[in-house]
Amino acid sequence: MYSVVVVEDETLTRRAIALSLREAGFTVHEASDALACRALLRQTRPDMIVLDLGLPGIDGMDFARELRVRSDFGLIIVTRQSAPEARIASLDLGADDYLIKPIHYGELAARIRSVMRRLGRDRSRRRKVGQWTVDLEARTVSNGRLDASLTRGEFDILARLIQADTKIVTRQELLSAISRSPQESDMRSVDALVSRLRRKLGETTGGNLIATAPGFGYRLAATPETEEP
Ligand code: CA
């Protein structure tokens with residue numbers, strides 16, 4: 001869940017933006033001007049600031065520049081100006097994205113998630129693998145109806161395969177993921193864990209989730225999709 005500061009002096013607009021973002025699952029702080037935004041930044045560390053350029057008492061571009069001195073959050077600029085110069089200026093000063101009013105709230109939420117992904121702040125630790133949702137933090141695997149109760153070793157292997165996307169992970173690498181002191185003789189335990197993992201994920205009835213790379217190791221047969229927070 002990302003935390004977003006919405007800086008906008010028009011109360012109704014700000015509330016509407018905040019409401020839509022909260023409904024989309026974001027934590028939202030509201031600031032009606034630059035002063036309120038500065039005060040908020042002393043208390044919280046947001047992932048994103050959505051900044052309306054038309055603020056009272058300060059040039060929006062100047063304030064954007066001031067914010068951009070810090071790089072620990074994303075910055076999306078919102079303005080009424082539709083001139084390409086305004087867009088170029090915003091991006092030049094380091095904004096991560098730019099929206100023109102009236103903004104579409106669904107689009108704003110999508111742009112925020114997209115910037116977060118680009119900045120590598122993708123907080124979602126949930127991956128969709130076939131019919132399964134794998135929560136890498138909670139270490140759960142569920143298909144919405146039932147949980148695949150995996151052992152520690154089985155989960156570690158699945159997590160390592162997910163980490164590699166669809167690239168091959170050698171048996172040696174998988175062994176390192178499950179044990180502290182990998183030994184050649186333990187290679188068969190990797191194979192045993194993978195076959196148990198396949199069985200628990202229903203590979204006998206469903207499609208192949210884990211492909212064998214003969215002589216090398218294993219890989220996921222399909223790209224694990226990130227689930228939006
Ligand atoms: Ca305004």
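The values are calculated or read from the model by the stated rules, or taken from the named source; none is laboratory data. Note that the structure is a prediction, hence the values are computed from the model and not measured. Every residue, glycine among them, receives a Cβ derived from its backbone with ideal geometry; neighbour counts consider all protein chains shown.
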Next on the checklist: When you check LEU51 against the structure, is it within 11 Å of the ligand (Cβ to nearest atom), at pLDDT 90 or above, under 19 Å from ASP96 (Cα atoms) and of a type outside the set (Asp, Glu), yes or no?
Outcome noted: yes
Checklist outcome for this item: All conditions in (1) touching a residue at least 60 places away in the same chain (Cβ under 8 Å); (2) within 16 Å of the chain's Cα centre (by Cα) are true of ILE103 except (2)
Checklist entry - Would you pick out the residues in segment 42-57 that are closer than 23 Å to LEU21 by Cβ and in contact with a helix residue (DSSP H, G or I) (Cβ under 8 Å, 6 or more places away or on another chain)? => result PRO46, ASP47, MET48, ILE49, VAL50, LEU51, ASP52, LEU53, GLY54, LEU55
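Which members of segment 1-29 meet the condition of being among the small types (Gly, Ala, Ser), within 15 Å of the ligand (Cβ to nearest atom) and touching an Asp or Glu at 6+ places or on another chain (Cβ under 8 Å)?
Selection gives ALA18 alone.
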Checklist entry - When only residues in segment 106-131 that are small (Gly, Ala, Ser), touching a residue at least 60 places away in the same chain (Cβ under 8 Å) and out of contact with any Gly (no Cβ under 9 Å at 6 or more places or on another chain) count, which is surrounded by the most Cβ atoms within 10 Å (Cβ to Cβ)? => result SER124
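Out of the residues in segment 54-77 meeting the condition of being under 19 Å from LEU119 (Cα atoms) and of a type in the set (A, V, I, L, M), tell me which one is farthest from the ligand (Cβ to nearest atom).
VAL69
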Next on the checklist: When the residues of segment 30-44 are narrowed to those that are farther than 12 Å from VAL4 by Cβ and among the charged types (D, E, K, R), which ends up farthest from the ligand (Cβ to nearest atom)?
Outcome noted: ARG42
